[in-house]
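**Q** Pasting a structure here, questions to come.
The values are calculated or read from the model by the stated rules, or taken from the named source; none is laboratory data. Just so it is clear, the model here is predicted, and its values are computed rather than measured. Using ideal geometry, Cβ is built from the backbone for each residue, glycine included, and neighbour counts are taken over all protein chains shown.
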Amino acid sequence: MKNESANRTTGSSSARGQRGRVPAPAKPKPRHPGVSPAPAAARPPGDPRRPQGDELEGEGSYSAAQRYREGLEQSVSEGATKRLAEEAAEALDSPEGASLRKAEEAAKHGRSE
């Protein structure tokens, strides 16, 4: 055999080093050195690095999500969903219905009209 270190199945040379060990794979470089992997607002409750009170939270705001959930729960508990559905149906039957449908289609495709 010409090359004793050749791999018998592929014919390629061995990946082993001088002492018979496979070299460790290179560690991946961080995408953004010096930047934490998650924004401060995305940290779990109780994390001291998470913003408190009126601090800027950015996209994915916990306080905005909480206000939305509370408002939604309040609307459902007050029975506002049926009233709001009726108002929406009336709006679709009104003269502005065509423009509402056009806006709905645009929103479905990620556009704003």
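**Q** Tell me which residues, restricted to segment 71-113, are polar (S, T, N, Q), more than 28 Å from the chain's Cα centre (by Cα) and assigned to a helix (DSSP H, G or I).
**A** Within segment 71-113, S77, T81, S99 qualify.
**Q** For residues that are loosely packed, with under 11 Cβ neighbours inside 10 Å and among the small types (G, A, S), scanning just segment 100-113, find the one that is modelled with the highest pLDDT.
**A** The qualifying residue modelled with the highest pLDDT is G110.
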